Amino acid sequence: MAHQKSLSAYFSRKGNNYLGGSIVNLPIGNTEVIAKKIQGLTGSDLFQIQTVKPYPEDYTETTRVAQDELSGNARPELTELVADMDSYEVIYIGYPNWWGTMPMAVFTFLDAYDFSGKTIVPYCTHEGSGLGSSERDIKKLCPKAKVLSGLAIKGGTVGRADNDLANWLKKLDLLP
């Protein structure tokens, strides 16, 4: 499985973030840190999922916007899509856990393609809520894809997550 062409797509939020009980300013979002580690381990291409309308700088404001989007089942418009999605067989999809699932921008991303026959490998960064319902939500959005067992990484530990990532990818038979 390891020789298949893969994409590491991620949604990440830098700036004001909740970490270990307080609000900190992150120069690089936690999920981006992990996405780049996966890229390094697997040789996958990298794609950042970004919304046309940026989220507020303020963390609490962002959580309110995210909650409104979730309750309205919104699909925020993305700045760009992957032009050659058909060429990828394995898609790593990374996101922070927002309100028990992935940000609605990731729903927009997953809705944009036909993932039939592709393998989706989810992972998230969180502050205690794990993967939430995100795996189930991905299976619902991409019923013809094979969704592998996801990995939840606590935000404050992303810098030292290399072994966990390597072990997880090895277990899924995804390392070259």
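The values are calculated or read from the model by the stated rules, or taken from the named source; none is laboratory data. Just so you know, these numbers come straight off a predicted model, no measurement behind them. Don't worry about glycine lacking a Cβ; one is built from the backbone with ideal geometry, like all the others, and counts go over all protein chains shown.
Table for the structure above
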read-out	value
Filtered residues of the range 38-84 (kept if over 17 Å from ILE138 (Cα atoms), among the hydrophobic types (A, V, I, L, M, F, W, C) and surrounded by 12 or more Cβ atoms within 10 Å (Cβ to Cβ))	ILE38, LEU41, LEU46, PHE47, VAL65, ALA66, LEU78, LEU81, VAL82
Residue identified as in a loop (DSSP other than H, G, I, E, B), in contact (Cβ under 8 Å) with a residue 60 or more places away in the chain and in contact with a helix residue (DSSP H, G or I) (Cβ under 6 Å, 6 or more places away or on another chain) among SER12, SER8	SER12
Filter result for the condition that a residue is hydroxyl-bearing (Ser, Thr, Tyr), surrounded by 14 or more Cβ atoms within 10 Å (Cβ to Cβ) and part of a loop (DSSP other than H, G, I, E, B), over TYR113, TYR123	TYR113
Residue within the range 61-72 that is at pLDDT 95 or above, in a strand (DSSP E or B) and within 17 Å of the chain's Cα centre (by Cα) present	no
Contacts under 7 angstrom Cβ, first residue in the range 16-33 being assigned to a loop (DSSP other than H, G, I, E, B), partner crowded, with 18+ Cβ neighbours inside 10 Å and modelled with pLDDT of 85 or more, 6 or more apart	GLY29/SER12; GLY29/ARG13
Number of the condition not met by ARG136 [criteria: (1) part of a helix (DSSP H, G or I); (2) closer than 22 Å to VAL33 by Cβ]	(2)
Residue match in the range 155-165 (condition: in contact with an Asp or Glu (Cβ under 9 Å, 6 or more places away or on another chain), without any contact (Cβ under 8 Å) to a residue 12 or more places away in the chain and either surrounded by fewer than 22 Cβ atoms within 10 Å (Cβ to Cβ) or assigned to a helix (DSSP H, G or I) (or both))	yes
Tabulated pairs, the range 75-101, first without any contact (Cβ under 8 Å) to a residue 12 or more places away in the chain, second part of a loop (DSSP other than H, G, I, E, B) and among the basic types (Lys, Arg), C-beta under 8 angstrom, 6+ apart or interchain	none
Which listed residue is of a type in the set (A, V, I, L, M) and touching a Gly at 6+ places or on another chain (Cβ under 7 Å), from LEU81, LEU131	LEU131
